[in-house]
Amino acid sequence: MDFDALIAELRTLRENVAGVTDTVIAAVDGIPIVADAAKDIDPAEVSALAAANLGIARQAAEVTGKGTLRQTVVFSSDGYMAVYAIDRMALMVIMGDRRLNVGRLLFECRPVIDRISSILAA
């Protein structure tokens, strides 16, 4: 697996979207693969929480018949945590401060997710 290419994708996303503070790619079981995060962020803890979040959201999407889950976004008083499904094999977590432009994040993430999916599948 090309870890450098994965980190490059995360850093590009951070550079292109104002307000992105930390990023993690993890397996769907919550095991971190790579992280571009501050020292006070525990990638294992974030990955486990994101996997649980994604699992519940996937169930909600299935039960409501609204199609395949793409992402969830947690809106907090001081920022955001977005969790994106990467096929059925992985997830990407994007954390941001109050300045995060969620619309811009949604726009920028789709091609990044496609590239990450290709890197993980290689």
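The values are calculated or read from the model by the stated rules, or taken from the named source; none is laboratory data. All values reported here derive from a predicted model rather than from experimental measurement. FYI the Cβ positions are ideal-geometry reconstructions off the backbone, even for glycines, and counts take in every protein chain you see. What goes into the accessible areas is simple: the full protein's heavy atoms, side chains included, and nothing from ligands, DNA or RNA. Shrake-Rupley method; radii C 1.70, N 1.55, O 1.52, S 1.80 Å.
Quick look at the numbers
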read-out	value
Residue among Val46, Val24 that alone is surrounded by 19 or more Cβ atoms within 10 Å (Cβ to Cβ), within 12 Å of the chain's Cα centre (by Cα) and assigned to a strand (DSSP E or B)	Val24
Matching residues in the stretch 108-122 - criterion: being closer than 19 Å to Arg58 by Cα and open to solvent by less than 10 Å² (accessible area, probe 1.4 Å)	Cys109, Ile113
Hey, Gly30 on the phi > 0 side of the Ramachandran plot and crowded, with 18+ Cβ neighbours inside 10 Å or not	yes
Test result for Ala38, exposed (fewer than 12 other Cβ atoms within 10 Å of the Cβ), out of contact with any Cys (no Cβ under 9 Å at 6 or more places or on another chain) and touching a residue at least 12 places away in the same chain (Cβ under 8 Å)	yes
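Let's see how each residue does on (1) assigned to a helix (DSSP H, G or I); (2) buried (at least 17 other Cβ atoms within 10 Å of the Cβ); (3) without any contact (Cβ under 8 Å) to a residue 24 or more places away in the chain:
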residue: Arg58; (1), (2), (3): yes, no, no
residue: Glu62; (1), (2), (3): yes, no, yes
residue: Lys66; (1), (2), (3): no, no, yes
residue: Val74; (1), (2), (3): no, no, yes
residue: Leu91; (1), (2), (3): no, yes, no
residue: Ile94; (1), (2), (3): no, yes, no
residue: Gly103; (1), (2), (3): yes, no, yes
residue: Leu106; (1), (2), (3): yes, no, no
